[in-house]
Amino acid sequence: MAWNISFMCVKASKGEIDNIIPDVFYKSDENLFFEDATSYRMEKAMGVTELNGWVIITDVANRVTYNERLPLNVSNNFEVKTFYISETPIFRTYSNGKSLESAKGIEELDTILSSRKLEAKDNYGETKSIQLFEHEILNGLKDGWIEHLFRVKFDKYELD
């Protein structure tokens, strides 16, 4: 089963979340597990946590991937990276209100991995996306996805 989920990562502290999450969202719950924050049951809500100096936002509705308005806007004040974990992966970086780097599909993601001197673990888009996430957000921690991301708690932000 494919993930098909988006993550928006913002180089910021948890105290800066109010400057990142649009005002149309409110915090409705706390201490969600990773599995809950990435579940289809989130519907239009977002999961938010802080890890390794990054605010990590889960978006099962994939708005941060298919509508670049939020990442571009947030990048006016923060470094932003988006990941679409899927068999047709998408990766983008933003800064100063501009898109700096973009890769769509396995072949383009392979180019990004090579540019970072990373050898792909396998040929699956999801694995490559996770591998790039570990490198970019978790400072290269192997198995950091499971060892670290699965252990943090997320806050749930729902639409008003």
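The values are calculated or read from the model by the stated rules, or taken from the named source; none is laboratory data. Only a predicted model underlies this, so the values are computations on that prediction, with no experimental measurement involved. FYI the Cβ positions are ideal-geometry reconstructions off the backbone, even for glycines, and counts take in every protein chain you see. For the accessible areas, the whole protein counts, side chains as well, though only heavy atoms, and no ligand, DNA or RNA atoms are used. Shrake-Rupley method; radii C 1.70, N 1.55, O 1.52, S 1.80 Å.
May I ask you to list the residues in the stretch 121-130 that are under 24 Å from Gly53 (Cβ atoms) and either of a type in the set (Lys, Arg) or open to solvent by less than 20 Å² (accessible area, probe 1.4 Å) (or both)? Write out each step before concluding.
Just the residues of the stretch 121-130 that are under 24 Å from Gly53 (Cβ atoms), to begin with: 128-130.
Within the stretch 121-130, Lys128, Ser129 qualify.
Search the stretch 63-79 for residues that are outside any loop (DSSP other than H, G, I, E, B) and pair each with any residue that is open to solvent by 80 Å² or more (accessible area, probe 1.4 Å) when their beta-carbon atoms are under 9 Å apart and the residues are at least 6 apart or on different chains.
Arg63/Lys44; Arg63/Arg69; Leu72/Lys98; Val74/Asn19
Keeping to the stretch 95-107, report how many residues are in a helix (DSSP H, G or I), in contact (Cβ under 8 Å) with a residue 12 or more places away in the chain and not β-branched (Val, Ile, Thr).
Narrowing the stretch 95-107 to residues in a helix (DSSP H, G or I): 106-107.
Right, trim to in contact (Cβ under 8 Å) with a residue 12 or more places away in the chain and you get 106.
From what is left, the residues that are not β-branched (Val, Ile, Thr) are none.
Within the stretch 95-107, residues that are in a helix (DSSP H, G or I), in contact (Cβ under 8 Å) with a residue 12 or more places away in the chain and not β-branched (Val, Ile, Thr) number 0.
Given the residues Leu141, Leu132, which is the only one that is within 22 Å of Ala37 (Cα to Cα) and modelled with pLDDT under 85?
Details: Leu132 fails: modelled with pLDDT under 85.
Only one candidate qualifies: Leu141.
Restricting to the stretch 50-80, name every residue that is among the hydroxyl-bearing types (Ser, Thr, Tyr) and more than 18 Å from Glu158 (Cβ to Cβ).
Thr65, Tyr66, Ser75
Give the number of residues within the stretch 18-62 that are touching a helix residue (DSSP H, G or I) at 6+ places or on another chain (Cβ under 9 Å) and assigned to a helix (DSSP H, G or I).
Qualifying residue count, the stretch 18-62: 4.
Which count do you get for residues in the stretch 98-120 that are of a type in the set (Lys, Arg), over 16 Å from Glu136 (Cα atoms) and either surrounded by 11 or more Cβ atoms within 10 Å (Cβ to Cβ) or touching a Cys at 6+ places or on another chain (Cβ under 8 Å) (or both)?
Keep residues of the stretch 98-120 that are of a type in the set (Lys, Arg), which gives 98, 104, 116-117.
The next check asks that each one be over 16 Å from Glu136 (Cα atoms); those that pass are 98, 104.
Filter again for either surrounded by 11 or more Cβ atoms within 10 Å (Cβ to Cβ) or touching a Cys at 6+ places or on another chain (Cβ under 8 Å) (or both), leaving 104.
Within the stretch 98-120, residues that are of a type in the set (Lys, Arg), over 16 Å from Glu136 (Cα atoms) and either surrounded by 11 or more Cβ atoms within 10 Å (Cβ to Cβ) or touching a Cys at 6+ places or on another chain (Cβ under 8 Å) (or both) number 1.
Any residue at all in the stretch 58-81 that's surrounded by fewer than 20 Cβ atoms within 10 Å (Cβ to Cβ) and under 11 Å from the mean Cα position of the chain (by Cα)?
Looking through the stretch 58-81, at least one residue is surrounded by fewer than 20 Cβ atoms within 10 Å (Cβ to Cβ) and under 11 Å from the mean Cα position of the chain (by Cα).
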